[in-house]
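A.B. asks: Please read through the structure below; I'll follow up with questions.
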C-alpha cells in the first residue's frame, strides 16, 4: 500500500512490530490490520522466545497477549523493559477480558497501553500509531544521550593528560628541587596544585561509566571540613578577582567541624558561585562570603555587587542553559549550565540553593545543608 501525504501513518511504514501470542488467530488478525499501514510484523509464541527475538528483531513495538497460557506475562513485560542492551521495549497488552486489576498490573509492569479483542481496526491502528510516534521521539533522545555521553568521554579523556601534567609540574616546583621559593610563590603553587587536582576529580568523574549512564547524580559523601572547602575556593577564585581589581571577604561563622558531603562536588558548587559573583560584579567590587550555623542546618551565602536578578527571570536561574539578560561585566564566557549543576549537586546532598536580590543592590546565592543533632 502506498501512503499519500495526508495518511496518518506517513513516516511509520516498515516499522517492526512483534506480536507475542500462541493463538495463531490473534496473530493473523493483528497482522492483517497492521499490514494496512505497511508495518513489518513478526510473531513468537512464548515469553522466552520474545525475550530472545527482541534482541534479534529489534522491534519498535511489542504486542503482548495478556492471556498467554502458562506464563506470567507481567514478568515477560518487565524482562522486555530491561533488555541486556539497547532501548527498553514499548509494550502494548492484548486482552479479551475487561479486568481493571489486570490493566493496572500491566501498566505497573511497564506496559504503555491495552488493545481489546474483538479488534477494531481503527482503534488498533490509532493506538499503534501513537505509541510508534512516541517511540521514535524516545529513540532520538536515546541517540542524543549516547552521543553526548561519548562526546563527554572523549573530551574528558583528552583533558586528563594535560591536567595531570599541570599537577605533576606544580608538585615539582613546590618541592623546591628547582630552587627555593618565597612564601608567596609557595602559596600560589599550592592553589594551582589544588585546582589541578579538582580538575582531575571532575574529569575522572566524567569518565566513570556508572556516572555517564546514571539518570541521577551520584555522590560519595565523606566527613569533610566545609570551612576548608570555602577557604580553598576563596584562594582559587581570589586570583580571578584580583585580576579584575575586586576582592573576596569571608565572614567566618561557627560551621560544624565536619559534614558528610562529597568534597569535589561541593567544591564545584563553591567555585561556580564565587566565580559567578566575580563575573557579574563590576571591577573593584567586594564579594562577601558569610558562613552561618543554626540548629539543624548550616549555610554559605555569597553576596555580589552586580545588578541583581531581573524579577521576571528568576525562574531561569537553575535551568539547563537558563541564561538571564544580565551579562558578565568583563566579557567572560557564560554557558548557563553552572547554576543548574549546582542545584543538582545540592539536591543530591538533600540540601538547598536559593537566590535573592539584596536591598542595597547585588544578589545573594545561599547553599544550605542539614546538620544532624
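A.B. asks: Find how much the distance from residue 190 to residue 290 grows on full extension, using 0.36 nm per residue of separation minus their present alpha carbon separation; answer in nm with one decimal.
C.D. replies: That pair, residue 190 and residue 290, stretches by 33.6 nm at full extension.
A.B. asks: Relative to the longest principal axis of the C-alpha atoms of the chain, give the angle of the C-alpha long axis of helix 338-348, reported between 0 and 90° and rounded to the nearest 10°.
C.D. replies: In the chain, helix 338-348 runs at an angle near 70 degrees to the longest axis.
A.B. asks: Here is a further query. Can you put 113, 99 in order of Cβ neighbours within 10 angstrom, beginning with the fewest?
C.D. replies: 99, 113
A.B. asks: Tell me whether the stretch 49-90 comes out rounded, prolate or oblate; compute the Cα gyration tensor, take square roots of the eigenvalues as a ≥ b ≥ c, and use a/c under 1.5 as the rounded threshold.
C.D. replies: Note, shape of the stretch 49-90 comes out prolate.
A.B. asks: How many nm separate the modelled label positions at residue 57 and residue 168, each set 7 Å beyond the Cα in the direction of the Cβ?
C.D. replies: Label at residue 57, label at residue 168, 5.5 nm between them.
A.B. asks: Hey, another quick one. With percent of Cα pairs over 30 Å apart in mind, check (1) 45; (2) 57; (3) 37 and report the label derived from this structure.
C.D. replies: Looking at percent of Cα pairs over 30 Å apart for this model, the match is (2).
A.B. asks: Grab the Cα-Cα distance for residue 98 and residue 182, subtract it from 0.36 nm times how many residues apart they are, and report the gain in nm with one decimal.
C.D. replies: 21.9 nm
A.B. asks: Separate question: What is the helix-to-structure angle for 24-34, meaning the angle in degrees between its Cα long axis and the longest Cα principal axis of the chain, kept from 0 to 90 and rounded to the nearest 10?
C.D. replies: 70 degrees
A.B. asks: Could you check the simple spin-label distance between residue 240 and residue 35, using points 7 Å along Cα→Cβ, in nm with one decimal?
C.D. replies: 6.5 nm
A.B. asks: Taking 8 Å as the Cα distance limit and 6 or more residues as the minimum spacing, I'd like the relative contact order of the stretch 221-370 as a percentage.
C.D. replies: About 23 percent, as a whole number.
A.B. asks: Provide 304, 201, 315 in ascending order of the number of other Cβ atoms located within 10 Å of each residue's Cβ, fewest first.
C.D. replies: In order of increasing Cβ crowding within 10 Å: 315, 201, 304.
A.B. asks: Something else about it: Answer rounded, prolate or oblate for the stretch 221-370, using the Cα gyration tensor with square roots of eigenvalues a ≥ b ≥ c: rounded when a/c is under 1.5, else prolate when a/b is larger than b/c, else oblate.
C.D. replies: Because a/c hits 1.5 or more and a/b exceeds b/c, the stretch 221-370 counts as prolate.
A.B. asks: So how do 265, 316 line up by other beta-carbon neighbours within 10 Å, fewest first?
C.D. replies: 316, 265
A.B. asks: Let me ask something else about it. Grab the Cα-Cα distance for residue 121 and residue 71, subtract it from 0.36 nm times how many residues apart they are, and report the gain in nm with one decimal.
C.D. replies: 15.2 nm
A.B. asks: Considering only DSSP beta bridges whose two residues both sit in the chain, what percent are antiparallel, to the nearest 5?
C.D. replies: Given both bridge residues lie in the chain, the antiparallel proportion sits at roughly 50 percent.
A.B. asks: Can you give the angle from 0 to 90° between the axis of helix 183-206 and the longest principal axis of the chain, with both taken from C-alpha atoms, to the nearest 10?
C.D. replies: 0 degrees
A.B. asks: Can I ask one more? Report the label-to-label distance for residue 356 and residue 315 in nanometres (one decimal), using points 7 Å from each Cα along the Cα→Cβ vector.
C.D. replies: My value for the distance between the label points is 2.1 nm.
A short reminder: the numbers here are calculations on the coordinates, not readings from a lab. It should be emphasised that the depicted structure is a prediction, and the values quoted were computed from it without experimental measurement. Cβ sites come from the backbone with ideal geometry, for glycine too, and all protein chains shown count toward neighbours.
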